[in-house]
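Here is the structure we will look at, set down as structure tokens.
The values are calculated or read from the model by the stated rules, or taken from the named source; none is laboratory data. Since the structure is predicted, the reported quantities are computational estimates derived from the model, not experimental observations. Ideal geometry is used to build each Cβ from the backbone, glycine not excepted, and the neighbour counts take in all protein chains shown. To get the accessible areas, we keep the full protein, side chains included, count just its heavy atoms, and leave off ligands, DNA and RNA. Shrake-Rupley method; radii C 1.70, N 1.55, O 1.52, S 1.80 Å.
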Amino acid sequence: MPAAKGRFITLEGVDGAGKSVHLPWIAHWLQAPGREVLVTREPGGTPLAEKLRTLVLAEAMDPLSETLVMFAARADHVARTIQPALARGAWVLCDRFTDSTCAYQGAGKRVPQTLILRLARYVHPDLQPDRTLLFDCSFEVSRQRLQATGRDLDRFERETREFFDRVRAGYRRLAAAEPERIRVIDAAQPLEHVRAQVRAALADLGGR
Ligand code: TYD
């Protein structure tokens, strides 16, 4: 029998679009008899990468350093968590991946995309998400939702509207360039409608 092939699914989007609300039920929905679903996140997903997460979300740094920290965390995460899981046939559901670096550090902070793509090719040469769900919403919806959480915001969530708009536009460009991999989810819709969009966007993966 051929080895079971794992799938790599990533969730992306501007802060406050509701990724975190949807992630647990997506993981649950992907469960099938005999299938392992591993939920992980970036930056993070290993002890070292979680330390780097704490640092990079709190500490102001120049955009290049920020990019390199994201990729340092990613290198550890890919090698220790993602690749081994995929190799044993698990489905990996990852909250953010390299598209976040393209959108936030690239489009948002103007780090050259060519540099980001070079780093990506070096850090994960053979790894690309099988499917990416891009949760998209306006600045107004994002702010409303972040305020409703009542928690302290990290330094990316406290950024200006101009930054938000650049990140959002960056994501939409990525989706336009790769419509097969990246499916745009209108996250401003009521919960049930968002769920229906997510189910439709994953239907052809052979999941459910
Ligand atoms: P997120 O997991 O959405 O935070 P929360 O737990 O508050 O929902 O993301 C953490 C932040 O990190 C988010 O604002 C985007 C940022 N980020 C980057 O800027 N570049 C990256 O490469 C990654 C992975 C995240």
| Loop-only check: which trypsin sites (Lys or Arg not before Pro) in segment 100-182 are DSSP coil with at most 11 other Cβ within 10 angstrom? | ARG110, ARG151, ARG158
| said: Can you give me the distance in nm between label points at ASP165 and ASP62, each placed 7 Å from the Cα along the Cα-to-Cβ direction? | reply: 2.8
| Accessible surface, per residue, of segment 7-205 when the full set of protein chains is kept, probe 1.4 Å, Å² | 47
| task | Would you mind telling me the share, in percent, of accessible area of the chain contributed by carbon and sulfur at probe 1.4 angstrom? | result | 57
| Given the rule -39500 (n - 2.57) for each run of at least 4 DSSP H residues, summed and divided by the residues of the chain, what is its mean residue ellipticity at 222 nm, to the nearest 500 deg cm²/dmol? | -14000 deg cm²/dmol
| request: Can you list which of the GluC sites (Glu not before Pro) found in segment 12-118 are DSSP loop residues with at most 12 other C-beta atoms within 10 Å? | output: GLU59
| message | Run the simple label-point estimate for ASP154 and LYS51 please: 7 Å along Cα→C-beta, distance reported in nm. | response | 1.7
| Accessible surface of THR149 - all protein chains present, 1.4 Å probe, nearest 10 Å² | 80
| note | Subtracting the Cα-Cα distance of ARG181 and LEU205 from 0.36 nm times their residue separation yields 7.6 nm
| query | Let a ≥ b ≥ c be the square roots of the eigenvalues of the Cα gyration tensor of segment 159-198; is it rounded (a/c under 1.5), or, if not, prolate (a/b larger than b/c) or oblate? | reply | oblate
| message | Using a 1.4 Å probe on the protein heavy atoms only, what accessible surface does ASP165 show? Give it in Å² to the nearest 10. | response | 60
| field | trypsin sites (Lys or Arg not before Pro) lying in DSSP loop within segment 30-77, provided at most 15 other Cβ fall within 10 Å | value | ARG35
| remark: Using eta = 0.692 mPa s and T = 37 °C, Stokes-Einstein with Kirkwood Rh from Cα pairs puts D for the chain, in µm² s⁻¹, at 188
